[in-house]
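Below is one structure, written out as structure tokens; the observations come after it.
The values are calculated or read from the model by the stated rules, or taken from the named source; none is laboratory data. All figures in this text were calculated on a predicted structure; none of them were measured in a lab. Every residue, glycine among them, receives a Cβ derived from its backbone with ideal geometry; neighbour counts consider all protein chains shown.
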Amino acid sequence: MYIPASFKNEDLKELNEHMNSWSFVTLITPAEQTSHITHLPILFDPKPGKYGVITGHFAEQNPHWKHLEGKESIAIFHGPHAYISPTWYAKPDVPTWNYSIIHAHGNTEIIKDKNLLLNHQKELIAKFEKDDWDMNKLPEDYVDTLLGMIVGFKLTITKLEGKYKLGQNRSKNDMKGVIERLKTSSISSDVELASLTEKHVD
């Protein structure tokens, strides 16, 4: 990923928070004639290794999982992003797009143990479920059937790239003007981008 020096983010704590919050990723695995691309929710554990591990699952009918073993994949964590109008700057200029994004590179392996796959599903549901739905109330044979329809994977991160293009190459007044306008937006992602930009105003 092309990252100008002013947009490079190597703050591991902030990157980990981003990966926990924006955990619907784009997973890319290169192949000889094409690239396999899947969009899916994941769990991120920062503790193992230098950069942590990602776990997720595919529908069994998705051929992507058949190309994982022994290959490097890239998980893209998208963050808040927004169009930036030049009218928000102190001086006339051109429009741009501000955003935060993380690329997590790593080696992947299939999760074959049924109990590990079941535990992964329970952890994933626990993270996102807001209405106290309980997977344990489902019939055991039904859960077994569902588990047979998915394939789990683990990606051990070996390289982590963070790009936070938030206007750091502009003046503080320009960045503050962008922040103020984003805060007034009705789009939640714009407001989140404003908050993130505030953290990066020197």
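Here N16 qualifies as under 22 Å from G162 (Cα atoms), among the polar types (S, T, N, Q) and in contact (Cβ under 8 Å) with a residue 24 or more places away in the chain.
Exactly one residue among P30, P80, P46 is within 12 Å of the chain's Cα centre (by Cα) and surrounded by 12 or more Cβ atoms within 10 Å (Cβ to Cβ), and that residue is P80.
Within segment 54-72, residues that are at negative phi reach partners that are outside any strand (DSSP E or B) with beta carbons closer than 6 Å, at six or more positions or on different chains, in the pairs I54/I42; T55/H120; G56/I42; F58/H64; F58/W65; E60/M149; H67/A31.
Here are some residues: K130, K91, K122, K47. Which one is closer than 30 Å to E192 by Cα, touching a strand residue (DSSP E or B) at 6+ places or on another chain (Cβ under 9 Å) and among the charged types (D, E, K, R)?
So the residue among K130, K91, K122, K47 that is closer than 30 Å to E192 by Cα, touching a strand residue (DSSP E or B) at 6+ places or on another chain (Cβ under 9 Å) and among the charged types (D, E, K, R) is K47.
Under the condition of being farther than 26 Å from S189 by Cβ and of a type in the set (A, V, I, L, M), the residues counted in segment 22-51 number 1.
Step by step: first the residues of segment 33-43, then only those that are assigned to a loop (DSSP other than H, G, I, E, B) and either of a type in the set (D, E, K, R) or modelled with pLDDT under 95 (or both), then the one that is surrounded by the most Cβ atoms within 10 Å (Cβ to Cβ). Which residue is that?
Filtering first and then ranking leaves T34.
Restricting the search to segment 1-25, which residues are hydrophobic (A, V, I, L, M, F, W, C), assigned to a helix (DSSP H, G or I) and surrounded by 12 or more Cβ atoms within 10 Å (Cβ to Cβ)? Selection gives F7, L12, L15, M19. Of the residues making up segment 46-69, none is part of a strand (DSSP E or B) and within 30 Å of V178 (Cβ to Cβ).
Okay, residues lined up against (1) assigned to a strand (DSSP E or B); (2) free of Cβ contacts under 8 Å to residues at least 24 places away in the same chain:
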| site | (1), (2) |
| --- | --- |
| P92 | no, yes |
| I102 | yes, no |
| H105 | yes, no |
| I110 | yes, no |
| L118 | no, no |
| Q121 | no, no |
| K127 | no, no |
| D131 | no, yes |
| V143 | no, no |
